[in-house]
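Structure record follows, encoded as structure tokens.
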Amino acid sequence: MRAQWGMSGAVDTGDPTQQDAPRPAGGGTYRTLDEQQGRLSPAEERFERRRRTIGLFLGPLLFVLVLALPLDLEPEQHRLAAVLVFVITYWVSEAIPIPVSALLGLALVVVINAAPAPEEGDTTADVVFGAFASSTIFLFIGGFIIAHAMMVHGLARRFAFRVLALPGVGRSTHRTIIAFGAIAALLSAFISNTAATAMLFPIALGVAATLSGFVADRSEEDVDPDRLRFGTALMLMTAYAASVGGLLTPIGSPPNLIGREFIEEETGTTISFFEWVVTAAPIVLAMFLALCVILIALNRPEARHLEGAEEFIAQERGELGPLSRGERNTLIAFGVAVTLWILPGAVGLVLGDDASLYEDLLQRLDEGVVAILAAALLFLLPIDWARRKFTLSWNDAVNIDWGTIILFGSGIALGTLLSSTGLAKVMGDSLADALGVSNLLSITIIAVVIAVLISETTSNTASVAIVVPIVIPIAAAAGVDPLIPALAAVFGASYGFMLPVSTPPNAIVYGSGMIPITKMIRSGAVFDVLGAILITFGVTLMANVVGLV
């Protein structure tokens, strides 16, 4: 059996049972019922129709209801709460395309004036939509362009075969998923979770495309190769493992550094790099093992063993031939991105994260800037100089998944509004008061729960900035050491698994089109709860073992 790799990245084996393999991100984040005709069972189609129809009417109804309720909130907070309920209802139900729901929510914020008063010379729209200037958005754009080039020139396929050729990996869907999780977790310990996911995303797409025919062909079910549970599990593992692995070191994720700085300023306790790693390692390991077991159980691959896959992979690797000019140029761009993403973390690891060189590199080599610089190389490195043909054309580049970019930009905007209006703080304070926390365990639990909940609707960085300053005075008022609940809140801020906008890794893999929103919510809810439990008891135990308290 010999697979042919088209320019779209799909695998064509010549076997009707193996057609329509997953394609690279390019608007696959949402499908109408009409577009899914023939792909859903009658029961699934009835469920989808009911879910979307109910959501279509429930969203506006809840919006009006929340506005009418006599809530004890400031006017902007009250109106923003109504918009947030409306948007989340439309996201969960997929009543309309999810990126459109996000933009519609921002438009409603402007129309009903649910944002803080703008500065002189600005309008409310400037404030609301200004979040799209975040460097994270440009990391998405640059990362997606690099990923698209890797698919166009076949480099992702070459990488995929290399990963699948690892001993024992290629013949097992379970080991393939676990291998990607391990790589994502290790990478994200030294570069940001977002950068790690952006690096692995095109390779994971290549793996899914390569194995989808085998999985569908060996499945006992009648399955759609575009929506395999194997592909869902692989993509979710890549994102979730990156979020989990980012907790291993202080430099693994920006919220770690921000939260550690808060703790040092407010408690006077300094957590060294080594102390952080020792504290985090058992929690990260336990959560990763849970990911391996539960994620595969919730999204059980259609086939476990892929007999003949190793021989096929070896044959295809042998026929790949030398790197093409396009592959070499793409590899150069990818290598530049990886090197510059890793460099600040490597310097911080050697010199310490308080070194001036580390701080300088962190400022200059912003992840979004690096992604754009690397992506720009694709338009500068020629394939055929005589014809002025470069590695990528703009018409190629515009095929990236703009829907995911719009979705995450809107998520950043809503998260910023939650913080700037004070609604997030009100939510956290109200939850703490309602639960009547008074001892170390209860305060730690509430700190983690608030951090996880807020990180579902705003960025991890914003979650840390909101929750840690709330938790420390609550702990102090109760007469307990605030270090443990504050550190637990920092960890909890990275555990937003339920929605595409919860974390950048979630948004990146959602752009693959392989993850139905209902499956992300179901899997994410399980890991939010499990993660909160592991963090609560893990941080309490390890902080005492390490001697932080």
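What follows is calculated from the coordinates using simple rules that are stated; it is not laboratory data. Fair warning: this is a prediction, and the values are worked out from it, not measured in the lab. Quick reminder, even Gly has a Cβ in these numbers, built from the backbone with ideal geometry, and neighbours come from all protein chains shown.
Quick notes
- For I383, the residues 5 or more places off, or on other chains, whose built amide H falls under 5 Å of its own are K389, F390, T391.
- The sum of -39500 (n - 2.57) across all DSSP H runs of n ≥ 4, divided by the residue count of the chain, sets its helix-only mean residue ellipticity at 222 nm to -22000 deg cm²/dmol.
- Shape class for the range 36-129: oblate, because the ratio a/c of the largest to smallest gyration tensor axis (alpha-carbon atoms, square roots of eigenvalues) is 1.5 or more and b/c is at least a/b.
- About the Cα centre, charge dipole magnitude for the range 415-546 (Lys/Arg +1, Asp/Glu -1 at Cβ), debye: 280
- For S172, the residues 5 or more places off, or on other chains, whose built amide H falls under 5 Å of its own are L306.
- With at most 16 other Cβ atoms within 10 Å, longest stretch of the chain clear of loop GluC sites (Glu not before Pro) (DSSP): 308-549
- For the range 380-531: relative contact order, % (alpha-carbon pairs under 8 angstrom, 6 or more apart): 23
- Which of S253, W385, P344, positive extreme of dipole for the chain (C-beta unit charges): W385
- C-alpha center-to-center spacing [the range 48-77, the range 109-156] in angstrom: 26
- Solvent-free Debye scattering, log10 I(q)/I(0), computed from the Cα coordinates of the chain at q = 0.07, 0.08, 0.10 Å⁻¹: -0.40, -0.52, -0.83
- Simple point charges give the picture: +1 on the Cβ of Lys and Arg, -1 on the Cβ of Asp and Glu, and for the chain a dipole about the Cα centre of about 1400 debye.
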